[in-house]
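Undergrad: The structure that follows is given in the form of structure tokens.
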Amino acid sequence: MTIERLTPGSSLQAYPPAEKWDDWLEYDVKQWPRRVEKRYSLVPTICFNCEAACGLLAFVDQETLRVRKFEGNPLHPASRGRNCAKGPATINQINDPERILYPLRRVGKRGGGEWARVTWDQVLDEIAGRIRKAFLEGRRNEVMYHVGRPGHERSMDRVLRAWGIDGHNSHTNVCSSSARLGYALWSGYDRPSPDHANARFILLLSSHLEAGHYFNPHAQRIIDGKLRGAKLAVMDPRLSNTASMADYWLPTHPGSEAAVLLAMANVILDEGLADLGYLERWTNWREFMAHRHPHAAPTFAAFLAALREHYKEFTPAFAEAESGVPRQTIVEVARLVGGARGAFASHVWRGTASGNLGGWQVARALQLLTVLTASVGTPGGTSPHAWNKYKPAFWEEPPAHEEWNELLFPREWPLSHYEMSFLLPHFLKEGRGRLDMYFTRVYNPVWTNPDGLAWIDVLSDESLVGLHAALTPTWSETAIYADFVLPMGHAGERHDIQSQETQSGRWVSFRQPVVRVARERRGETFQHTYEANPGQVWEEDEFWIELSWRIDPDGQLGIRRHFESPFRPGEKLTVHEYYRWIFENAVPGLPEAARRESLTPFDFMSRHGAFLIEDGVYELHKKPVALPEGAGPADDAGLVRAEGRVIGVEVDGAVVAGFPTPSRKLEIFSRTLEEWGWGEEALPGYVRSHVHPKALDAERGEMVLLPTFRLPTLIHTRSGNAKYLNEISHRNPLWIHTGDALRLGLATGDLVRVTTEIGYFVNHAWVTEAIAPGVVACSHHLGRWRLHEGEGSRWSSVRVTLDRRPDGTVLMRQVEGISPFVSADPDSRRIWWTDGGVHQNLTFPVHPDPVSGMHCWHQKVVVSLARAEDLYGDVWVDTNRSMEVYREWLAKARPGPGPGGLRRPLWLDRPLRPAEKMFSAPLPPGG
Ligand code: SF4
């Protein structure tokens with residue numbers, strides 16, 4: 001593979017040719033105008049500053065053996081040599097003079113700000129002893145791993161399965177679980193993979209061109225599509241940079257998007273633009289007729305009539321009234337969507353799906369357009385994510401665990417798509433359980449989640465959380481409440497494999513510790529990655545292997561064997577062996593590609609950093625199924641079984657794979673929702689949001705706050721110690737429309753108080769036409785804080801005091817802004833900005849959607865001029881009220897068990913899926 005082939009027509013791009021990566025010569029820019037030569041070893045790795053997993057190329061100085069810079073890896077099939085600003089800023093994270101280099105143990109009370117350096121042996125022995133004791137005493141549900149930014153495809157599932165615990169927790173319910181549930185109910189796959197590059201029409205319900213999910217790889221392909229003539233529409237109350245590049249901007253009232261999408265569906269049906277043949281062949285309309293119209297003739301024509309009746313209220317006029325978008329625009333865009341038949345690409349991830357009550361119905365309504373235009377899995381259409389994502393297999397798989405942790409999947413949310421992670425403190429406070437060992441990994445719930453003070457409460461309480469180890473490359477607002485702070489490697493300091501659904505192909509990429517690799521190529525040997533990392537920074541893989549051996553030193557618990565080498569029976573697995581086995585045995589086509597270059601598969605991945613497994617993956621649902629002997633004939637629903645299990649579905653006389661749903665079809669009608677108490681939502685529909693105009697108190701002057709938008713230059717918590725990025729972005733003012741500002745007597749720069757249900761924050765106003773009237777917005781990336789010196793990055797965090805009062809109220813006040821400081825990096829003395837932004841999430845109560853379990857981020861707020869006592873950055877919270885709001889939303893849930901006494905439908909997947917018998921709910925006491 002040559003660079004030229006991967007970047008056609010890219011004469012203006014200059015990547016070092018791959019054959020010169022071992023010894024690359026450049027002039028030292030700092031010596032200019034003198035021509036001083038510098039030699040580098042170029043080692044590929046993967047960016048870790050968002051989920052997209054773009055390729056990076058580390059320039060390791062052959063003289064100092066330090067990384068000089070990171071640039072793009074032209075051999076990476078998704079990012080193709082390009083990165084956003086956050087990729088190259090990895091160098092800041094590695095060289096941050098304040099980074100945590102050694103394991104630390106808390107001294108004194110939690111959150112007290114005092115730490116002592118300890119050895120890794122002490123850390124591993126104490127944690128292993130505690131976990132072993134919990135396992136021996138049958139307290140497996142008291143061990144929990146809570147991940148913010150994953151990676152490590154399937155790796156942690158394997159560790160936790162080997163431990164036999166239901167202990168995987170994630171950040172997904174504050175991120176994407178509503179959108180995921182919407183997609184999963186349609187097709188069994190919980191994410192879309194739009195083929196933007198080949199689309200004729202692209203509809204984005206978020207800001208993918210500038211900052212959204214899979215930002216850089218998607219942005220490239222959206223532009224590819226536009227250059228080939230595709231039109232782009234963006235639905236967003238905010239005129240984002242993405243919307244500014246669109247052919248159509250639809251500034252919907254927050255939460256009204258599904259109404260607009262269903263009106264578009266009606267236009268497409270009315271005007272004969274739908275592919276009715278596809279609808280007939282590929283949806284479970286027969287099931288709908290059997291359940292909803294059992295006495296009507298089960299014909300497609302009757303279904304169509306019933307469908308039209310069901311959606312008749314969703315006229316363009318209705319959608320205009322709900323959304324504020326002119327009906328003519330809705331009709332015009334609908335015609336373009338319909339006209340793109342077979343090549344309609346779309347995406348919703350966070351944005352409206354994560355902001356609103358019923359956000360999962362937005363994803364279902366969007367997918368209805370994809371189905372009506374027969375664009376599922378087509379070139380230019382929208383595929384299920386799993387077709388475009390690689391997942392590794394291992395030399396042996398630990399069995400599914402036999403636990404069900406009610407702290408993760410409680411009975412109130414039987415359909416929650418991921419763990420109810422953001423309610424963990426509320427559950428602990430209610431006495432639903434306790435944790436003996438709690439790991440957080442690149443996870444900062446105190447700052448990232450709603451109701452962060454509830455997190456501070458439980459993390460400070462040793463009776464609720466026995467021991468907390470924060471595995472993190474950098475300080476965070478959560479790490480300061482931990483018992484152990486354990487430094488883990490940044491992007492170029494650890495191994496990991498990642499694959500993402502960025503395009504209509506499947507690829508795998510390899511994150512690796514670049515200095516270790518460069519030194520190994522010079523002949524040095526290392527047993528562990530930390531030996532080549534700065535200080536004593538470990539990598540997660542080696543941590544889990546070592547910890548697992550210490551939990552089960554004699555192998556009696558059956559854990560150790562899962563961490564033994566596949567090549568040296570009985571001996572401890574090394575990180576090289578782990579990846580070597582996967583690359584040699586579980587990546588289709590890789591061994592052959594490596595052979596062509598006279599490399600081992602491991603060396604191929606180490607030198608290229610990524611591998612394209614297959615390109616142009618389309619229409620896998622139509623793949624014929626080879627029928628085993630004994631396979632039965634299709635039943636009335638077209639399902640074909642072998643040995644009691646469904647293996648395919650008959651469509652047009654052929655048995656094909658279909659989709660992983662109960663009907664093997666696209667489920668326009670969800671029998672699951674019907675049977676689990678949500679019959680009124682069984683078809684794609686429109687749920688009026690908790691911030692619908694009718695839910696706002698006009699007398700109080702309530703508006704809607706959008707608190708979730710990303711900036712292209714920052715990422716949640718991890719970019720806090722990237723100096724380049726914080727120099728670019730360090731404020732998050734409140735966007736407010738000119739008309740609203742006029743009404744409230746505000747001007748840009750004025751200090752405003754934004755009052756939520758449980759408190760308020762004080763920020764500056766930014767008056768703009770780039771937001772819909774009645775809506776305000778504030779990016780969630782800013783407002784980092786620290787309580788004590790040494791516990792937060794001074795590039796980004798302001799120092800605060802936290803004044804907790806006996807009545808349950810709390811005032812956080814900024815006492816020191818960003819200012820220059822003395823460090824090993826001379827740039828720290830040149831900091832010119834003073835603002836670090838305002839933290840808003842502390843003032844948000846939890847809003848768990850009763851179906852998906854997703855936190856519904858949008859807030860009802862009152863905006864007013866700040867009062868005399870208010871200071872910039874003030875955050876005030878009533879923690880009693882926050883628990884009341886939790887209970888109000890808890891009351892909206894419809895608890896299980898469901899049909900057959902199940903805790904959760906068997907077909908709906910969940911992370912770290914337990915053994916099937918665990919899906920059966922235990923009988924109530926005496927039952
Ligand atoms: S989009 Fe930017 S932050 Fe995300 S992986 Fe790519 S380079 Fe890194």
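Undergrad: Compute the length gained on full extension between Ala626 and Arg568: take 0.36 nm times their separation in residues and subtract their Cα-Cα distance, giving the result in nm to one decimal. Mind showing how you got there, number by number?
TA: Details: separation 58, 0.36 × 58 = 20.88 nm, distance 3.77 nm.
This chain segment gains 17.1 nm when fully extended.
Undergrad: Taking the Cα centre of the stretch 37-142 as origin and charging only Cβ (+1 Lys, Arg; -1 Asp, Glu), how large is the dipole, in debye to the nearest 20?
TA: The calculation lands at about 260 debye.
Undergrad: Ignoring ligands, DNA and RNA, what accessible area per residue does the chain give at 1.4 Å, in Å²? All intermediate terms of the calculation are to be shown ahead of the outcome.
TA: Details: 32510 Å² over 927 residues.
Value for the chain: 35 Å² per residue.
Undergrad: May I ask for the distance between the Cα centers of the stretch 94-154 and the stretch 519-583, given as a whole number of Å?
TA: If we compute the Cα centre of each part, the gap is 18 Å.
Undergrad: Give the Debye-formula value of log10 I(q)/I(0) at each listed q (0.13, 0.17, 0.19, 0.20 Å⁻¹), with one equal scatterer per alpha carbon of the stretch 1-154, two decimals each.
TA: Debye curve over Cα of the stretch 1-154, log10 I(q)/I(0) at q = 0.13, 0.17, 0.19, 0.20 Å⁻¹: -0.84, -1.10, -1.24, -1.32.
Undergrad: From the C-alpha coordinates alone, can you work out the Kirkwood hydrodynamic radius of the stretch 521-602, in Å? Kindly include the intermediate steps, with their values, before the conclusion.
TA: Working: mean 1/r = 0.0687 Å⁻¹.
Its Kirkwood hydrodynamic radius stands at 14.6 Å.
Undergrad: So, with +1 on the Cβ of K and R and -1 on the Cβ of D and E, and no other charges, what is the size of the charge dipole of the chain about its Cα centre, to the nearest 20 debye?
TA: Values: 105 positive and 113 negative charges, 187 e Å.
Computed charge dipole of the chain: roughly 900 debye.
Undergrad: Another one. May I ask you to list the aspartates and glutamates whose Cα is less than 16 Å away from that of Lys723, ignoring any residue fewer than eight positions away on the same chain?
TA: Here the aspartates and glutamates satisfying the reach criterion relative to Lys723 are Asp96, Glu98, Asp825, Asp827, Asp835.
Undergrad: At q = 0.11, 0.12, 0.13 Å⁻¹, what base-10 log of I(q)/I(0) does the Debye formula yield for the stretch 552-710 when every alpha carbon is treated as an equal point scatterer in vacuo?
TA: These q points yield log10 I(q)/I(0) values of -0.93, -0.97, -0.98.
Undergrad: Could I ask something else about it? Any chance you could list the semi-axes, whole Å, largest first, of the equivalent ellipsoid that the Cα gyration tensor gives for the chain, using √(5λ)?
TA: The equivalent ellipsoid of the chain has semi-axes of 39, 35, 31 Å.
Undergrad: Still on this structure, please answer the following. Provide Asp190, Asp803 ordered by accessible surface of protein heavy atoms (probe 1.4 Å), highest first. Please list the in-between numbers first.
TA: On the way: Asp190 20, Asp803 65 Å².
These residues rank, largest area first, as Asp803, Asp190.
Undergrad: Binning at 10 angstrom from zero up to the longest distance, how are the C-alpha pair distances of the stretch 458-599 distributed in percent?
TA: 10, 28, 35, 21, 5, 1
Undergrad: Further question: Is there a pair in Lys572/Lys623; Lys429/Lys892; Lys30/Lys389; Lys133/Lys892; Lys133/Lys391 whose C-alpha atoms are over 30 Å apart, and which pairs would that be? Show your work: numbers first, answer last.
TA: Working: Lys572/Lys623 42 Å; Lys429/Lys892 20 Å; Lys30/Lys389 42 Å; Lys133/Lys892 39 Å; Lys133/Lys391 33 Å.
As for pairs spanning more than 30 Å Cα to Cα, those are Lys572/Lys623; Lys30/Lys389; Lys133/Lys892; Lys133/Lys391.
Undergrad: Please work out how much accessible surface Thr382 shows to a 1.4 Å probe, ignoring ligands, DNA and RNA, in Å² rounded to 10.
TA: Ignoring ligands and nucleic acids, Thr382 comes out at about 0 Å².
Undergrad: Given the stretch 813-927, report the % of alpha carbon pairs whose separation exceeds 22 Å. Kindly include the intermediate steps, with their values, before the conclusion.
TA: Numbers: 4139 of 6555 pairs.
It works out to 63 percent of all Cα pairs.
Undergrad: Hull surface divided by four, with the convex hull built on the Cα atoms of the stretch 562-623: how many nm²?
TA: Numbers: hull surface 24.2 nm².
Result: a mean projected hull area of 6.0 nm².
Undergrad: Taking a quarter of the surface of the Cα convex hull of the stretch 644-749, what do you get in nm²?
TA: On the way: hull surface 58.3 nm².
If you wrap the Cα atoms of the stretch 644-749 in a convex hull and average its projections, you get 14.6 nm².
Undergrad: How large is the dipole of the stretch 748-895 about the Cα centre if only Lys and Arg carry +1 and Asp and Glu carry -1, each at its Cβ, rounded to the nearest 20 debye? Please list the in-between numbers first.
TA: Numbers: 16 positive and 18 negative charges, 51 e Å.
Using only the charged Cβ atoms, the result is roughly 240 debye.
The values are calculated or read from the model by the stated rules, or taken from the named source; none is laboratory data. Bear in mind that the values here come from a model prediction, so they are computed numbers and not experimental data. Positions of Cβ are generated from backbone atoms using ideal geometry, with glycine treated the same way; all protein chains shown enter the neighbour counts. When the accessible area is computed, the model is the full protein with side chains, heavy atoms only, and any ligands, DNA or RNA have been set aside. Shrake-Rupley method; radii C 1.70, N 1.55, O 1.52, S 1.80 Å.
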